[in-house]
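Every number in this text was worked out from the coordinates using simple rules, so none of it is lab data. These figures come from a predicted structure and were not determined experimentally. Cβ sites come from the backbone with ideal geometry, for glycine too, and all protein chains shown count toward neighbours.
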Amino acid sequence: MAQLTDLPTEIILHIVSYLQSHDDIAALAAQSSHLYESCDMRARARFREIHITNNAKHLKSAFAALIDILEQPYLGRYVRHIEYWELFHCREPLLAQVLTALLISVAPEVESMALSQPFLSKFSVPWHTDSIDRKCTKFPLKWLLHQINNNDAFPGARGPKLLRKLRDVYLVNETEDDTSWKQDRVFFMTDLFGFLELFHHLPSIESFGTDELKTSVVGKHGLPFASSNISRIRIEHSLADSMNLARMICLCKQLREFQCPIGARSIGGNLTCRLNSFRIIFQALLVHRRTLEVLDLGVTYIPFESTPVERVPLNLSENREKREQMQLIRTANEMALADRSVQLPDWIWDQAGSLAEFSALKHLNLELQYLLYMARGVGTARDDGYQLVDRLPSQ
């Protein structure tokens, strides 16, 4: 009986070229030593993940990988994950960026990336009302990612389309030496939407994740409504305010997963929680009530000795809730006045609904007051005399 291993190596390689998953290729290669050699598993293991930092060892390894790929271009198809992290005050500024950009240009099968923000955030100082933008510095990785994401003609008719298979993006927020921050969480200002603008249009993009999120008040304020294929958002330890979270939720065409534990313990052990209007987040989630499958809105890092904090005022009237909500929305829109395209449609804030209407929900983890608020509902769906069991999703 003829077996797969009896086929010529060229035919086996042609079959393997149709396997998109590295795990599938590894499973095939494990069947025999002949298939292991034919699948070139040693080279695949070397090139599968490439890590690039300003560390001399990482730079040397990444440069060697780039040279090998340029000499043997098929090796670029083995690269499935690229991780980039760089400090801008280091001795070799932007060298890691250049290497990362070059590797992206020769690795068409990349499926996931984890990277620090590849540009400097705008910053403000107390005695200036306007932010200061460091426009004098050019960031090659930011330029390349922006062109890939926002310019359909890039890199021209003859050039390969890049990052067509990228599914997962993770924003890395870390210090150079993270060991000193083990006890308390430290948050760094992030231009969240400036970062997402580098990926949100990619055809295969599915998920975005990050940790220790604190958005910059002088960065980009949002992205257009329903402009992204991102359907899964995973954030750990968020200090982003309600409007930024709502804009992130609403940039998705269809949202299937939203995990965002709120708050953190700042230096000294004090509870920090930045949600200024849970109603804003809830009505943003109502946009996806028919597609959302996973919802996690817990509260993290609450010291046992701390006094409970009322994060959601459940006793406010509908009219007062609405007035306070619209005041926050007007303030947020004024801050984003320079880019009206990021302002969310008004109909979002007129929605009525409750937790019971999330028909696709399969996993739910909510802080107690968030649960009670969503079960009670907003607008014409609000019922202050509800029974919790009657307001849970049918699934």
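Data overview
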read-out: Additional length obtainable on full extension of the chain from LYS138 to SER359, 0.36 nm per residue less Cα span; value: 74.9 nm
read-out: Distance between modelled label sites at LYS57 and ILE11, nm, 7 Å Cα→Cβ extension; value: 4.5 nm
read-out: Packing-based order for 71-81, 377-387, using average beta carbon neighbours within 10 Å, highest first; value: 71-81, 377-387
read-out: Cα gyration tensor shape for region 187-249, rounded if a/c is under 1.5, else prolate or oblate; value: prolate
read-out: Amide H within-cut-off set for THR215, under 5 Å, with H built and near neighbours excluded; value: THR190, ALA240, ASP241
read-out: Inter-probe distance in nm under a simple model that places probes 7 Å from Cα toward Cβ, at SER341 and ASN150; value: 0.8 nm
read-out: Cα-Cα pairs of region 350-395 separated by more than 17 Å (percent); value: 26 percent
read-out: Computed label-point distance, nm, for sites ASP211 and ASP24 using a 7 Å Cα→Cβ extension; value: 3.1 nm
read-out: FRET efficiency estimate (nearest 0.05) - Cβ-Cβ, GLN327 to ALA352, R0 25 angstrom; value: 0.80
